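Asker: Take this structure, written in structure tokens, and hold onto it; I'll ask about it next.
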Amino acid sequence: MPTPQETLDAAIALHTQGRLAEAVPLYREVLSVHPDHPDALHLLGVIAHQTGNHEQAATLIGQAIRRWGNAAIYHCNLGEALRSLGRFDLARAAHQQALRLDPRFVAAHNNLGTVYEQQGRYDEALACFNQAIALDPDCVDAHYNRARMWLALGNFDRGWAEYEWRWRRAEFTRPTLGQPEWDGTPLAGRRLLVRAEQGLGDTLQFARYVPLLQAQGAIVQFEVQPSLIPLLTHSGIGPLVVQGTSPAPFDVHATLLSLPGLLRTTLENIPAEVPYLAADETLVAQWRERLRGVSGFRVGIGWQGNPQFPHDRWRSMPLREFAPLARVDGARLVCLQKSFGLEQMAALGGAFEIADLRPDYDVEDGAFLNAAAILRNLEVLVTTDTALGHLAGALGARVWLLLSVGADWRWLADRCDSPWYPTMRLFRQSRHGDWSELMQRVAAELTMEVNSARRPD
């Protein structure tokens, strides 16, 4: 029979290889002999965190700390579990304790920075990322995080260049296409492949750069997600290549979110002329007819992003939080939610009324092209930070974007407007996780809008 130490070593080996399900019973076997074994408790907690059970992770790692409190790594990993639970003050304290035990602990500096970031304390976050890089100049996570902080603070000169560190992270796959990457040199007469990366909202936001490249004389083909093909085609952006298919021959290539840096985008010269996407006028007329029965001040709403996005739990909100808007006299809520979160419609139990367009939404023209046409028939869109907000902004439609504390870098810090989208207003949480107070403010603004619309000219 192996000794407990041999069993622990075997579990650690499996854990290191990513074979988490096989490591768990071995850690538990060690604990069956030594219930307070700190390493087994800690590493079992780490697996709980890695598999999304952050509450169990905090409990197990907390037990390990009570058994042996001088291990900086224990406090650092406890901080990460607590951060995932939204307990930011406790997470910050855990990382600070890790740094008291080991002031040169690079991961603790970086992780403390992410806590400050999610609390909207960007300057303090940036200081942490700088310290991590001073200790380890090759710390990929700290460079990536520092890039996002510089961009959020409007330091685009540094931010775009630093953002190229994203390619060293596991979740980003840098294309290897045989041809060289474009380095910003003149493009006249050259064939350029531009590849979309990350989410649908990113593609909608940065598609504005494709016509700029064509104006420089580039022969561009744009590789995008299939669901955006009808909208972009109708908007005259292309020629397009469906993501995952073979492009035509090209001389150089670039990924979409590298273009702002290559084109030296600053806060002052963001290409913000809207609309750069277009609705189909035939569909606009069809939706005008379908919406004829929805009288009043039409307010489109969206509340849920893709739950697979790592920070979706902070950017998305429950549908029930829109109740104050539904109570505004004269306002009519119109659902533009496409897929995720639609189960919340039934769960409302009739608490307030929402015009549901789903029976007609997915017609042959595609959801985004239909959403564009619907937006043309609304007074305003009120949505969380998802592709829907980018669509409205790119169309030049009025949009009120609802943001959590520590929102994504593209919305910058402490602004109520967006230099990327002139028709957009930003509404930010006052306290992390508190959508109710934010929605009361939005409802007050909406009341003024509705009353103003009622007044005769």
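The values are calculated or read from the model by the stated rules, or taken from the named source; none is laboratory data. Since this is a predicted model, take the numbers as computed values, not measurements. FYI the Cβ positions are ideal-geometry reconstructions off the backbone, even for glycines, and counts take in every protein chain you see. Note: areas computed on protein heavy atoms with side chains; ligands, DNA, RNA excluded. Shrake-Rupley method; radii C 1.70, N 1.55, O 1.52, S 1.80 Å.
Asker: Quick one: which helices (runs of 4 or more DSSP H) sit completely within the range 131-213 and have at least 2 residues that are farther than 26 Å from PRO230 by Cα? Steps first, answer last, please.
Answerer: Details: elements: 140-152, 156-162, 200-206.
Output list reads 140-152, 156-162.
Asker: Taking the conditions exactly as written (of a type in the set (S, T, N, Q) and surrounded by 15 or more Cβ atoms within 10 Å (Cβ to Cβ)), does THR203 satisfy them or not? I'd like the intermediate steps shown before the answer.
Answerer: Values: of a type in the set (S, T, N, Q): yes; surrounded by 15 or more Cβ atoms within 10 Å (Cβ to Cβ): yes.
The answer is yes for THR203.
Asker: Under 7 Å by Cβ, and 6 or more places apart or on different chains, what pairs join a residue from the range 275-291 that is more than 13 Å from LEU231 (Cα to Cα) with one that is modelled with pLDDT under 95 and open to solvent by 30 Å² or more (accessible area, probe 1.4 Å)?
Answerer: Final answer for the pair search is ARG290/ASP360.
Asker: Return yes or no: is LEU391 surrounded by 13 or more Cβ atoms within 10 Å (Cβ to Cβ), touching a helix residue (DSSP H, G or I) at 6+ places or on another chain (Cβ under 9 Å) and over 26 Å from ASP202 (Cβ atoms)? Even if it seems obvious, please write down each step before you answer.
Answerer: Details: surrounded by 13 or more Cβ atoms within 10 Å (Cβ to Cβ): yes; touching a helix residue (DSSP H, G or I) at 6+ places or on another chain (Cβ under 9 Å): yes; over 26 Å from ASP202 (Cβ atoms): no.
No, not satisfied.
Asker: Looking only at residues in the range 376-388 that are in contact with a Lys or Arg (Cβ under 9 Å, 6 or more places away or on another chain) and open to solvent by less than 10 Å² (accessible area, probe 1.4 Å), which one is farthest from TYR122 (Cα to Cα)?
Answerer: VAL380
Asker: Working carefully through the options PRO103, PRO175, find the one that is free of Cβ contacts under 8 Å to residues at least 12 places away in the same chain and either more than 25 Å from GLU268 (Cα to Cα) or among the small types (Gly, Ala, Ser) (or both).
Answerer: On the way: PRO175 fails: free of Cβ contacts under 8 Å to residues at least 12 places away in the same chain.
One residue alone meets the criteria, PRO103.
Asker: Moving on. Scan the range 256-306 for residues that are of a type in the set (A, V, I, L, M, F, W, C), over 21 Å from LEU204 (Cβ atoms) and assigned to a loop (DSSP other than H, G, I, E, B) and jot them down.
Answerer: Of everything in the range 256-306, those that are of a type in the set (A, V, I, L, M, F, W, C), over 21 Å from LEU204 (Cβ atoms) and assigned to a loop (DSSP other than H, G, I, E, B) turn out to be LEU291, VAL294.
Asker: Mind listing whichever residues of the range 289-308 are farther than 21 Å from SER452 by Cβ and over 32 Å from the mean Cα position of the chain (by Cα)?
Answerer: GLU289, ARG290, ARG292, GLY293
Asker: Right, next: Where the second residue is open to solvent by 30 Å² or more (accessible area, probe 1.4 Å) and among the charged types (D, E, K, R) and the first is modelled with pLDDT of 95 or more and lies in the range 414-426, which pairs have Cβ atoms under 6 Å and are six or more apart or on separate chains?
Answerer: Final answer for the pair search is THR423/ARG398.
Asker: Which condition breaks for ARG190 when tested against (1) under 24 Å from ILE270 (Cβ atoms); (2) in contact with an Asp or Glu (Cβ under 6 Å, 6 or more places away or on another chain)?
Answerer: (1)
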